[in-house]
1. Scan segment A:127-142 and tell me whether some residue there is in a loop (DSSP other than H, G, I, E, B) and within 17 Å of the chain's Cα centre (by Cα).
2. Test each condition in (1) within 7 Å of chain B (Cβ to nearest Cβ); (2) modelled with pLDDT of 95 or more; (3) within 14 Å of DNA strand D (Cβ to nearest atom) for A:V12 and report the one that comes out false.
3. Which ones in segment B:113-142 are at the interface with another protein chain (Cβ under 10 Å from one of its Cβ atoms), within 16 Å of DNA strand D (Cβ to nearest atom) and not β-branched (V, I, T)?
4. Give all pairs with beta carbons closer than 8 Å in which a residue from segment A:53-70 that is under 20 Å from A:I35 (Cβ atoms) meets a residue that is modelled with pLDDT under 95 and near DNA strand D (Cβ under 7 Å from one of its atoms); count only pairs at least 6 apart in sequence or on separate chains.
5. Could you grab me the full set of residues in segment A:75-92 that are within 14 Å of chain B (Cβ to nearest Cβ), among the β-branched types (V, I, T) and exposed (fewer than 15 other Cβ atoms within 10 Å of the Cβ)?
6. Residues of segment B:108-138 being touching a residue at least 40 places away in the same chain (Cβ under 8 Å) and among the β-branched types (V, I, T), which ones?
7. Out of B:A132, B:A122, I need the residue that is modelled with pLDDT of 95 or more and over 16 Å from B:R52 (Cα atoms). Which one?
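The values are calculated or read from the model by the stated rules, or taken from the named source; none is laboratory data. On a predicted model such as this, the values are computed, not experimentally measured, just so you know. Please note: Cβ atoms are built from the backbone with ideal geometry, for glycine as well, and neighbour counts cover all protein chains shown.
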Number of protein chains: 2
Amino acid sequence: MSATNTAVSPPVATPIPEGPCGDDDCGIRDVLDRIGDKWTVLVVVELAKGVRRFRELERAIPGISQRMLTVTTKRLWRDGLVERTVHPTIPPQVEYRLTATGRSLAGVVEGLADWSREHKDAIATARAHWDAEQESASPTGT
Amino acid sequence: MSATNTAVSPPVATPIPEGPCGDDDCGIRDVLDRIGDKWTVLVVVELAKGVRRFRELERAIPGISQRMLTVTTKRLWRDGLVERTVHPTIPPQVEYRLTATGRSLAGVVEGLADWSREHKDAIATARAHWDAEQESASPTGT
DNA sequence: CGGGATCCCAAAGGATACTG
DNA sequence: CAGTATCCTTTGGGATCCCG
C-alpha cells in the first residue's frame, strides 16, 4: 500500500536523536519532539487525574479530533508513557492510564503550567507594549 | 537529580491558585504555543549562558537558519523574554540577553531537559518493544 | 553584521467516511 | 465505542535574495 500521506498507522519512523549536553542541546529537543505537539500534554494531564476511556478523553479535551486522540494516545502508548487496556466487550472498551514514566512527565508538565500562570500576564503586557511600539514605528498607511 | 515539579522558585508563594487545573487545560497550551516550536528553547538555553550577539547565537545553535533565528529572537523579544540592545556601529552589533522572565523560563526548561535525560532510555526501550510487537502482529509481506 | 521580504515545500493537524 | 484510512487545509520552517 502506498501511503501518500501521514496517516494514523505509521508512527514507526521517529528517530530519537542524541542529545549532547553541557554545550548546547541538552536533550531538550528530544522532549519537545515528544511533548511539543498540540495534544500530548493535554492528554497526559487528563490522564494524570485517573484512568480514562477513549470517549472520556475526547470529551475532556475540547477541540481534539478523534484522529488526533488516536494518534496521540498511540504515540504515548508506544513510548511507554501510558498503558492501554482493552476489554473485548460489545461495545468495546479501552482504558488508558499513565505509567510511572508518564506520571513523572505529568509532574514536569506541572512546572510548565505553573510558569505559564505566573508569567502569562507579564507576557501579554510586554506583547501589547511591543505591538504598540511597532505600530507607531511603522504606520501601515491609512 | 530530578526536578519533579515547580522548578522555578517563585518570589511569592504560588500554591496553585484557583482550580482551572482540575478540569482541563491549565494554561499549558499557552506555554506550548510559546516554547513548543523548533528553536525557542534552544535560544533560551543558549542565552541562559550569557549575552549573545546574533551571529554567536547562529553559530551556537547548529542547524538554525538565520531567518528562524530572527523570527525566534523577535518573538522572544516581543514577549519580554529577551532584551535586545542595538549598537549602531558599522557593522551593526545587536546583543541579546534574557530578562528575568526569560531566565525563569530557562529554569523550567531545565526541568524538561532533566526529565528527558532520566527517561529517554526507558522510552527508547519501550518504543523498540512496541515496534517489535506491532511488526509481529502485522507482518508486511513475507 | 543583522536583519526583512519572498518563495516554496514538508509536516501537522482537522473533517469526514467506513469498520469491527 | 474505538478505532482506521483518506483527503485537504494550514502552518512551520528552510533557501534565497536584498538592503541599511
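1. no
2. Here A:V12 clears every test but (2).
3. Those that are at the interface with another protein chain (Cβ under 10 Å from one of its Cβ atoms), within 16 Å of DNA strand D (Cβ to nearest atom) and not β-branched (V, I, T): B:W130, B:D131, B:E133, B:Q134, B:E135, B:S138.
4. If the second residue must be modelled with pLDDT under 95 and near DNA strand D (Cβ under 7 Å from one of its atoms), the pairs left are A:R67/A:V8; A:T70/A:V8.
5. Result: A:V86, single match.
6. Scanning segment B:108-138 gives B:V108, B:V109.
7. Testing whether each residue is modelled with pLDDT of 95 or more and over 16 Å from B:R52 (Cα atoms) leaves just B:A122.
Residue-by-condition table, conditions (1) among the hydrophobic types (A, V, I, L, M, F, W, C); (2) more than 10 Å from DNA strand C (Cβ to nearest atom); (3) within 14 Å of chain A (Cβ to nearest Cβ):
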residue	(1), (2), (3)
B:L42	yes, yes, yes
B:L47	yes, yes, yes
B:I64	yes, yes, yes
B:T73	no, no, yes
B:Y96	no, no, no
B:T99	no, yes, yes
